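Please read the structure below before turning to the comments.
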Ligand code: TRP
């Protein structure tokens, strides 16, 4: 039996290069080796955005982008959270065994409560139990998450453990954080500040066309140029080189590295090359995004197929859960 992996995707925001090299490319590999579930967490978005603009269209866009990156509905189960009503029943059981004290201590809850003082709703409060239901309805063992999700993962383990204790069973595995090894790359932003993805100007989206990509790269923050031979690169310049390392070939990288070292580097030349290589990397993905986005019927068919597989797995779990607690099973 292959290990079960599950990853939830926020339906807000488009994919950028940082997402691609930081996680999505790893998902594409993982789907060959593990039993993967990838889903778009549209219910969760209601905790902060109760009246979404066009939630079905947003889900389709995200789906199109992930498929364009190589997620394969024949290998992984790719679905939309709100297409799997079984999740809610498990959410309800977990809510019965989770204490308001522990939910109140979750930092993301406290932060959101501060940000939206007029809408500190019960869904926001129970965000971690819905997330636990997402994971445990498939009895997933691994969940790839960032640092910001560790407390939610701790709550998911607590839900599993407590259920097992209360009902004297070993039904739920405790899901573990999955860390991508060396293959996950931290992509720097274009504004000189660390990570890609904090703002528009700092970020290259996968859907963006050549012109925009070139313009953004040419505008990337630099400094006055190398001052002494073989000096250490300041962060803003190191960022450019890191980006080049990601999208260009080794020879190109070395060429510009040598120019830095002998103080003949012109940032304009380097950026032109970087833009070229970025466009070459992104073009095929962007074209596939457009193809998928233009085919709503196909996207909906893929989502339906994913929902069927997810519901099958979830209803198997729920049948067991109902039996364990003592409810009727049909
Ligand atoms: N909370 C996650 C995030 O903000 C999204 C998410 C919802 C999730 N349910 C999940 C992630 C289940 C992993 C597993 O990114």
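Derivation of every value follows stated rules applied to the coordinates shown; laboratory data play no part. Bear in mind the structure is a predicted one, so any value in this text is a computation, not a measurement. Glycine also receives a Cβ, built like all others from the backbone with ideal geometry; neighbour counts cover every protein chain displayed.
If you average the sequence gap of Cα pairs under 8 Å that are 6 or more apart and divide by the length of region 165-212, what percent do you get for the contact order?
On the way: 21 pairs, mean separation 8.8, N = 48.
Relative contact order for region 165-212 comes out at 18 percent.
For residue 327 and residue 259, what does the FRET efficiency come to when R0 = 56 Å and r is the distance between their Cβ atoms, rounded to the nearest 0.05? Mind dumping the intermediate values first?
On the way: r = 70 Å, r/R0 = 1.26.
Efficiency, rounded to the nearest 0.05: 0.20.
State the volume of the convex hull built on the alpha-carbon positions of region 207-290, expressed per residue in Å³ and rounded to an integer. List each step's numbers first, then the result.
Details: hull volume 6.8 nm³, N = 84.
About 81 Å³ per residue, rounded to a whole number.
In terms of its alpha-carbon gyration tensor, region 234-330 comes out prolate; a/c meets the 1.5 threshold, and the first ratio a/b outweighs b/c. Dividing the mean sequence gap of close Cα pairs (under 8 Å, 6+ apart) by how many residues the chain holds gives a relative contact order of 23 percent. Which of the three applies to region 43-199, rounded, prolate or oblate, going by the alpha-carbon gyration tensor with a ≥ b ≥ c and a/c under 1.5 meaning rounded? Rounded.
Checking the a/c ratio against 1.5 first, then a/b against b/c, what shape does the Cα gyration tensor give for region 105-182? Verdict is oblate for region 105-182.
For region 207-290, the relative contact order is 49 percent, taking Cα pairs closer than 8 Å that sit 6 or more residues apart in sequence and dividing their mean separation by the residue count.
Compared with the dominant Cα axis of the chain, that is its longest principal axis, helix 250-261 is turned about 60°.
For the pair region 1-67 and region 294-330, the centres of their Cα atoms are 18 angstrom apart.
The slack between residue 169 and residue 300, meaning 0.36 nm per residue of separation minus the straight C-alpha distance, is 43.3 nm. For the chain, the direction-averaged projected area of the alpha-carbon convex hull comes to 19.2 nm². From helices alone, the chain scores -16500 deg cm²/dmol at 222 nm; the rule is -39500 (n - 2.57) for each run of n ≥ 4 DSSP H residues, then divide by the residue total.
Compared with the dominant Cα axis of the chain, that is its longest principal axis, helix 267-293 is turned about 30°. Here each label is just a point 7 Å from Cα along the line to Cβ, and for residue 228 and residue 75 those points are 5.0 nm apart. Relative to the longest principal Cα axis of the chain, at what angle does helix 86-96 sit, 0 to 90 degrees, rounded to 10? It works out to around 70 degrees.
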